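Structure first, then comments.
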Amino acid sequence: VATKETLGFQAEVKQLLQLMIHSLYSNKEIFLRELISNASDAADKLRFEGIAHPDWYGDDPELKIKVEFDKASKTVTISDNGIGMSREEVINNLGTIARSGTKEFFAKLSGDQQKDAALIGQFGVGFYSGFIVADRITVETRRAGLPPSDGVRWESDGSGVFTIETIDRPQRGTSITLHLREGEDDFLNSYKLKSIIRKYSDHISLPIQMRKEEWDEDKKEQVIRDEFEGINQSSALWARNKTEITEDQYNEFYKHLSHDYENPLCYSLNRVEGRSEFTQLLYVPARAPFDLWDRNKRGGINLYVKRIFIMDDAEKLMPMYLRFVTGVIDSADLPLNVSREILQESRDIKVIRESSTKRVLSMLEELASSEDEGKKEKYRTFWTQFGQVLKEGVGEDQANQERIFKLLRFASTHTDSSEQTVSLAEYVSRMKEGQDKIYYVTGESFNAAKNSPHLEIFRKKGVEVLLLSDRVDEWMLSFITEFDGKQLASIAKGDLDLGSLSDEKEKKEHEETEKQFKDLVDRMKKVLENKAKDVRVTFRLTDSPACLIADENELSGNLLRMLKAAGQ
Ligand code: ADP
Ligand code: MG
């Protein structure tokens, strides 16, 4: 059967292609990183599926990636002998964007080229990045386990449609040929290609090979031989000796894992031995992904068992409140056929999760407590990007609560800036003599909190108050009763007892004033009988005439508003 079909790209693909070609042009060499990254993923998938189907390897058991170029036809070809794709998979994978978060991504595009370029990098550019340098791409592939007659050829000029046909393909895996655009001949050069591979893909754990090029004495020129040679180190990065890994290699590996294009804030590589044996390589990103609040977001932790890739986004390996962490866990104990269900109950997983949690907290503590300006700045960045998520940990991770408390940062009347930079320890160090509580006020916004009438007396007395306005704050506060032996107290709740902060003379004056206004208060109580529980003379205000306060044990006004908004 003649089976050549012409199909249209999903609308989003067209949009992405347009944007990518224009906005990433200045960084076009990344196409090679993306295609090699896909080839490496394909090898990972074959290793995994091959556990149950050893016959799929046939006479071609050594997984590798080849990069070749042809000056005459002006093409660069990247081939792998990984899992390959069936016809249906080709149509789905190379005609649509199936990734979760795609909708949010497109909703965020602004039309501003520079902003969108940053977003594209964050989204992960992937296969389509080939069109930055190619005006036509040909993909030939065959899925492992299918017969040679089930090969597939896909071709497109990136303008809106692609063709697909069935071909004979003796070898399994995928080869991707880029027909370079006019003016991209630079890439028809082994020196150039090798240096790009070393720069971006040295962390790839399988061999990336190119044809040998040698000086020919007779011809007096470089000639390309038939044999291949390895270009990269081709060992799993996390399995290498720490002292042999450069910062660039850590960073590039992070980008491969996370689809981020910025370097991470910090990372940590550890081998844990003992009852449980595993390696953990964990990264904290420098920027929140656009789908941070999407609980199904991809990314997270990739699980390997003895270097064999098992699954990505293994959510059981990290608590929810650290879901921004990206990395690899390679276990020596788990069975290769471990499933998501098994992970739920595994004891080994629990050990790994606890250890990884502690690692991440240590990394953050190191940044947070450092005297080094660069590290301090990194912690500020971290807090702006992920502070709200980390706050979830106060309720979620009781075992590490104390450590998380120390990592929290707040806005406060000390700086009166909306930037959250004040730690609880810092607050305590500035407490007034005789002050025994940590005071805070919550509000719907920073400005609402900052302008709260409850603050007046505190400002007058020079007592610092934390200004809380994030959505999670009220919930979080219900888990913090004290820090460093000091109670946390809302200045909008209950009787305001400034303790030994008010002196005897003041107390006398207060009693007198109360007597003076007793008649008025009684009258008001009557009038407000069904509306207010109590009416009191207050000394917490200096400028405003009156304010509402919540009972000690009552939900605060802000939390009530939130619950109402949530339809409770
Ligand atoms: P991502 O790698 O983030 O999923 P890409 O755009 O890079 O996105 O690739 C899209 C999909 O195409 C991949 O998820 C994979 O299913 C498929 N694919 C791409 N390249 C290959 C390849 N060399 N071998 C097998 N499948 C591939
Ligand atoms: Mg990819």
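Observations
- Order of Lys74, Lys358, Lys391 under a 10 Å beta carbon neighbour criterion, fewest first: Lys358, Lys74, Lys391
- Cα long-axis angle, helix 190-201 against the chain (0 to 90 degrees, to the nearest 10): 30 degrees
- Cleavage-rule hits, GluC sites (Glu not before Pro), the range 423-492, DSSP coil, Cβ neighbours within 10 Å at most 10: Glu433
- Residue order for Tyr250, Tyr191, fewest other beta carbons within 10 angstrom first, comes to Tyr191, Tyr250.
- Computed label-point distance, nm, for sites Glu345 and Val537 using a 7 Å Cα→Cβ extension: 6.8 nm
- Per residue of the chain, the DSSP helices (runs of n ≥ 4 H) give a summed -39500 (n - 2.57) that works out to -10500 deg cm²/dmol at 222 nm.
- Mean separation of Cα contacts under 8 Å (6+ apart) over length of the range 418-479, as relative contact order %: 36 percent
- Put a dot 7 Å past the Cα of Glu229, heading toward its Cβ, do the same for Glu402, and the two dots end up 5.8 nm apart.
- Under 5 Å, built H, 5+ apart or other chain: amide partners of Val305: Ile310, Ser331
- With Cα atoms, 0 to 90° folded angle of helix 11-23 axis to the chain main axis: 90 degrees
- FRET efficiency for the pair Asn189 and His53, taken as 1/(1 + (r/R0)^6) with r the Cβ-Cβ distance and R0 = 35 Å, rounds to 0.35.
- In loop segments of the range 213-276 as defined by DSSP, the trypsin sites (Lys or Arg not before Pro) with at most 15 further C-beta atoms inside 10 Å of their C-beta are Lys219, Lys220, Arg240, Arg275.
- For the range 375-425, the list of GluC sites (Glu not before Pro) that fall in a loop by DSSP and count at most 14 other C-beta atoms within 10 angstrom reads Glu419.
- Whole-Hz ³J(HN,Hα) from phi, Karplus 6.51 cos²θ - 1.76 cosθ + 1.60, for the range 285-290, glycine and proline x: x, 8, 8, 5, x, 5
- Long-range amide H partners of Gly84 with built H, under 5 Å: Ala144, Gly173, Thr174
- Phi to ³J(HN,Hα) by Karplus 6.51 cos²θ - 1.76 cosθ + 1.60 over the range 393-404, Hz, x for Gly, Pro: x, 4, x, 7, 10, 4, 5, 10, 3, 4, 5, 5
- Distance between the 7 Å Cα→Cβ label points at Asn92 and Gln487: 5.9 nm.
- Residues Thr243, Thr421, Thr141 in ascending order of nearby Cβ atoms (within 10 Å, fewest first): Thr243, Thr421, Thr141.
- Helix 518-527 and the longest principal axis of the Cα set of the chain meet at an angle near 50°.
- Sorted on the mean count of surrounding Cβ atoms within 10 Å across their residues, most packed first, peptides 526-532, 86-92 read 86-92, 526-532.
- Short-range pairs are left out: with C-alpha atoms under 8 Å and at least six residues apart, the relative contact order of the chain is 10 percent.
- Straight-distance candidates among the lysines for linking to Lys533, with alpha-carbon spacing under 18 Å and chain neighbours fewer than 8 residues away dropped: Lys493, Lys518, Lys525.
- Two-decimal log10 I(q)/I(0) for the chain, as the Debye equation yields it once each C-alpha is a single scatterer, q = 0.10, 0.12 Å⁻¹: -0.93, -1.19
- Residues in the range 101-108 carry Karplus couplings, in order, of x, 4, 4, 4, 4, 5, 5, 7 Hz; the curve used is 6.51 cos²θ - 1.76 cosθ + 1.60 with θ = phi - 60°, and Gly or Pro positions show x.
- Most to least packed among 152-159, 9-16 [average Cβ atoms within 10 Å]: 152-159, 9-16
- Charge tally in the Cβ shell below 11 Å around Met431, where Lys, Arg are +1 and Asp, Glu are -1, Met431 excluded: -1
- Across the range 256-343, Cα pairs under 8 Å and at least six residues apart give a relative contact order of 30 percent.
Taken together, the values in this text are just the output of simple stated rules run on the coordinates, not laboratory data. Just so you know, these numbers come straight off a predicted model, no measurement behind them. When we count neighbours, we look across all protein chains shown, and the Cβ atoms used for this are built from the backbone with ideal geometry, even at glycine.
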